[in-house]
Amino acid sequence: MIGKVRSAVQALPAYRPGKAAEQAEAEHGITNAIKLASNENPFPPVPAVIESMTAAASQANRYCDHLAVQLRQSLARWIGLDTAQIAVGCGSVGLLQQLCLTYLEPGDNAVYPWRSFEAYPIYVQLVGAESVKTPLVNHAFDLDAVVDAVDNRTRLIFLATPNNPTGTAVATSAIDDLARRVRSDVIILVDEAYHEFVDPALGDPIELLAKHPNLVISRTFSKAYGLAGLRVGYMCAHPEIVTELDKSLIPFAVNGIAQAAALSAIDNRSAYEPLLAALLEERARVVAALVEDGWEVPPTEANFFYLPLGDATTSIYTQLERRGVVTRPFANEGIRVTIGNASENDRFLLALAELSSLV
Ligand SMILES: *Cc1c(COP(=O)(O)O)cnc(C)c1O
């Protein structure tokens, strides 16, 4: 080994992103594979956003505004908060790393239901802290178990709603209830990467910020706004938390093109409405078709759904891939499938229909 790697890093597995369609094509000697493995938006950014990105590209010789003040102001106006309550970062995952750097040290722990977003254990381990995982019940969160798992070493709670990979969501009233029941010096992260896909009847956790200053709500331009490749996410929190988070922001982490794109996406958000509506319609169509065919599908509020396939997971994942449909497998548990465009979803449904004998 060259150099002495920190033990926390040595123990980490290498990060595994969703398999690219091209890789599946090469492995199976097929063409026209589709990737439904990373919860990406099948629609490219709207034209006005692409124009803003192109204009910003001509300024690439300059460093951008490190804090992205204009973007924070625009987000604050849009959401109805003060600018001081908005942090921006290199994707919401970049901000998650900053949150762990800020609030966890060796000996501390973070509590979260599991299975959930795969970045959580990685960033907790990276700072030398411990993960305390509580089991899901019917693929959804058991918030009583989360409250019970909090001990005097707990500094963070992570709640992904909707949860990745199961798609289940937590009502704002249940988050309120949880926040009442845990110590106020525990930071509660509500990870809303899929906020825009959620039924508004579940409530908006932003409304809890005034009541619970230890709440942090994270959102992103990666999913609903189709900017996953640009890396821009944000957190809404008490100004004190934002000030602390900003201390570990990598210089110019949200680059100038990403800032321009995010600003333009906010200004042109009405242009995204038909795309969002189309995705939600496709989600309803695909889930209904699956249920009709007898598949178990936990209720989803995201741009993906989960099939709990248990022991059949690997064989179904592999057979789908041979048919050119790349999904995200969790060995012996299930597969997560992203809602694509209508023809991609049809490809998935057709391929899966051939595999019901494997379950
Ligand atoms: C996709 C996803 C993110 C998003 O990450 P970005 O870094 O903003 O692209 C965050 N949290 C969860 C649970 C996700 O699934």
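Of note:
- Of all the residues in the range 18-55, those that are over 22 Å from ALA351 (Cβ atoms) and within 15 Å of the ligand (Cβ to nearest atom) number 1.
Residues are listed down the side, and each one gets a yes or a no for (1) of a type in the set (A, V, I, L, M, F, W, C); (2) surrounded by 20 or more Cβ atoms within 10 Å (Cβ to Cβ); (3) modelled with pLDDT under 95:
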position: ALA260; (1), (2), (3): yes, yes, no
position: ALA265; (1), (2), (3): yes, yes, no
position: SER270; (1), (2), (3): no, no, no
position: ALA277; (1), (2), (3): yes, no, no
position: LEU280; (1), (2), (3): yes, no, no
position: VAL291; (1), (2), (3): yes, no, no
position: VAL325; (1), (2), (3): yes, yes, no
position: PHE330; (1), (2), (3): yes, no, no
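- Residue match in the range 23-33 (condition: in contact with a strand residue (DSSP E or B) (Cβ under 6 Å, 6 or more places away or on another chain) and on the phi > 0 side of the Ramachandran plot): no
- Members of the range 74-99 found to be within 19 Å of PRO251 (Cβ to Cβ), of a type outside the set (Gly, Ala, Ser) and away from the ligand (no atom under 11 Å from the Cβ), listed by number: ILE86, GLN98, LEU99
- Helices (runs of 4 or more DSSP H) wholly inside the range 1-77 that include at least 3 residues being modelled with pLDDT of 95 or more: 47-57
- The set of residues in the range 226-245 that are over 27 Å from LEU178 (Cβ atoms) and either buried (at least 23 other Cβ atoms within 10 Å of the Cβ) or more than 12 Å from the ligand (Cβ to nearest atom) (or both) comprises LEU227, LEU230, VAL232.
- Of all residues in the range 168-198 being more than 18 Å from the chain's Cα centre (by Cα) and among the small types (Gly, Ala, Ser), the one that is surrounded by the most Cβ atoms within 10 Å (Cβ to Cβ): ALA179
- Close pairs from the range 75-97: first among the charged types (D, E, K, R), partner assigned to a helix (DSSP H, G or I), Cβ under 9 Å, at least 6 apart: ARG77/THR83; ARG77/ILE266; ASP82/ALA76; ASP82/PRO239
- Failed condition for ASP346, given (1) within 25 Å of TYR194 (Cα to Cα); (2) crowded, with 16+ Cβ neighbours inside 10 Å: (2)
- Every residue from the range 120-167 that is closer than 20 Å to ARG336 by Cα, among the β-branched types (Val, Ile, Thr) and crowded, with 22+ Cβ neighbours inside 10 Å: THR161, THR166
- Helices (runs of 4 or more DSSP H) (entirely within the range 240-359) containing at least 3 residues that are hydroxyl-bearing (Ser, Thr, Tyr) and more than 21 Å from the chain's Cα centre (by Cα): 313-322
The values are calculated or read from the model by the stated rules, or taken from the named source; none is laboratory data. Everything numeric in this text was worked out from a predicted model, so none of it was measured. Please note: Cβ atoms are built from the backbone with ideal geometry, for glycine as well, and neighbour counts cover all protein chains shown.
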